[in-house]
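Written below as structure tokens is the structure these notes are about.
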Amino acid sequence: MASQDELACVYAALLLSDDNVAITADKINTILRTAGVSVEPYWPSLFSKALDGVNVKELITNIGSAAGSAPAAAAPAAGEADPAAEAKKEEKKVESEESDDDMGFGLFD
């Protein structure tokens, strides 16, 4: 989970990006001081280096359309059933029945 310091720097960087201002450690520190937020000294420089040369607005808008994301698997046609999935369901059903009987919890004992 993100720390308070990290979130403060993220919001400061987003503010700078929204105003089309270069994201630098000094500017992040200025925003944080104005907001009355104190962070560890390495966070602003870490964020400024990470976002150097990055178009933050483009990064945010293209987050779901990454080139490396895998396409969704094709679903079987309406009348077709996936035999592997059916076999797994049947196997799980049989396993659960057997395990109940093994433990003495069977209905017909």
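The values are calculated or read from the model by the stated rules, or taken from the named source; none is laboratory data. Since the model is a prediction, treat every value here as computed from it, not as a measurement. Note: ideal-geometry Cβ built from the backbone for every residue, glycine included; neighbour counts use all protein chains shown. The accessibility values were calculated without ligands, DNA or RNA, using every heavy atom of the protein model including side chains. Shrake-Rupley method; radii C 1.70, N 1.55, O 1.52, S 1.80 Å.
Length gained on full extension, Ala2 to Glu40: 12.3 nm, using 0.36 nm per residue less the C-alpha separation.
Counting heavy atoms of the protein chains alone, Val54 has an accessible area of about 60 Å² for a 1.4 Å probe. Taking the average, over residues, of other Cβ atoms within 10 Å as the packing measure, peptides 12-18, 40-46 rank 12-18, 40-46 from highest down.
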